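Reading through the structure tokens given below for one structure.
Just so it is clear, none of the values below were taken in a lab; they were calculated from the coordinates. Predicted model only: the values in this text are computed from it and were never measured. For neighbour counting, all protein chains shown are included, and Cβ atoms are generated from backbone atoms with ideal geometry for every residue, glycine included.
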Amino acid sequence: MTRGLLQWAADSLVLALRRVTPTDAVVGLALVFAAIQAARLFWALITPIALVGDWRPSPVNVVPAAERAALFGGFDPFFRTAQVAADSEVVTSLPLTLFGIRTNEASGGGSAIIAGADGVQNSWSVGETIMPGATLHAVAFDHVVISNNGVLEKLYIDQSVPAENVTPDTPAPTPELKSEPTAKLNAQTLQQSIGLTPRNEGGKVTGLVVSAKDDGTMLSAAGLQKGDVITSVNGRPIAAAAELAAQLRPGARLTLEIERGAQKLPVALILEQ
């Protein structure tokens with residue numbers, strides 16, 4: 001009979017599962033999910049905020065003002081890795097002389113140039129043994145701290161000897177340049193000192209070649225050089241020396257265009273009255 005009941009239950013379950021539609025399955029899953037969420041909400045209402053332990057925060061431990069002053073007065077927050085006790089103001093009696101310091105505030109290290117009794121200078125880094133029983137403990141901007149058999153002692157840079165004043169060398173006075181008297185430009189001296197030779201190109205005069213009849217002083221005073229070719233005067237082409245000579249009058253102002261090698265240059269002449 002028991003076997004028959006089990007068979008009947010199995011057959012009933014199979015028939016029930018065959019009758020379940022996809023919609024019924026979705027509704028069933030939704031009901032299960034809603035039941036889980038309801039259980040979680042009920043649990044959150046009857047328990048503290050924190051799932052483990054008391055949810056209330058720990059009380060703030062306020063340090064008394066006197067203790068805070070002693071705490072912050074015992075170290076430098078900007079240079080914490082190489083601190084020296086405030087009461088270690090003992091100046092070392094070791095036969096050492098400090099010549100130079102190099103600090104490294106980023107790492108709290110540094111080095112120093114220290115000479116022993118023999119006067120020989122050596123560079124020592126923080127942590128190195130300077131002499132038996134003496135170790136470079138810390139480096140500051142004007143002194144170092146030496147651990148002398150466990151006792152912290154200071155060694156300062158010797159500032160008893162004043163620095164040498166270096167006087168810059170007095171520059172030599174600049175010699176005054178004496179200008180030579182400028183030759184006077186006038187029509188007569190120009191005609192007597194400057195030679196003009198026509199330049200013939202293709203059967204046509206294209207300019208006047210300049211030469212010097214004297215030592216070249218008047219040529220230089222006029223802004224000309226030997227070999228220059230005068231191609232125009234006051235913007236007009238020139239083809240004969242007589243054309244230029246006719247314009248060399250007292251008080252005349254002439255603008256010459258010359259060829260000097262591959263260059264074309266303007267030259268201004270102002271003649272005396």
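Quick one: net charge of Ile230's neighbours, Cβ under 14 Å, K/R +1, D/E -1? If you can, show how the numbers build up before the last one.
Working: positive: Arg199, Lys226, Arg236, Arg260, Lys264; negative: Asp228, Glu243, Glu257, Glu259.
Around Ile230, the charge tally is +1.
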Fill in: Label-to-label distance, nm, for residues given as Val90 and Val151 (7 Å Cα→Cβ offset)
0.3 nm
Worksheet entry | Sorted by Cβ neighbour density within 10 Å, fewest at the top, the residues Ile36, Ile46 | Ile46, Ile36
Practice prompt. For Ala262 paired with Ala9, estimate the spin-label separation in nm (one decimal), with each label point 7 Å from Cα along the Cα-to-Cβ line.
Written response: 11.7 nm
Fill in: Extended-chain gain in nm, criterion 0.36 nm per residue less alpha-carbon gap, Asn61 and Thr197
37.9 nm
Worksheet, complete the sentence: Note: Asp215 to Ala35 extended length (0.36 nm per residue) minus current alpha-carbon separation gives 52.4 nm
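Among Lys204, Lys226, what is the fewest-to-most ranking by other Cβ atoms within 10 Å? Can you show the working numbers first?
Details: Lys204 9, Lys226 13.
Fewest-to-most Cβ neighbours within 10 Å comes out as Lys204, Lys226.
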Discussion item. Classify the range 187-270 from the C-alpha gyration tensor, please: rounded if a/c falls under 1.5, else prolate or oblate depending on whether a/b exceeds b/c.
Written reply: rounded
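What is the fewest-to-most order of Val126, Val205, Val60 by other Cβ atoms lying within 10 Å of their Cβ? Each step should come with its number before you reach the end.
Numbers: Val126 21, Val205 15, Val60 5.
So the residues, fewest neighbours to most, are Val60, Val205, Val126.
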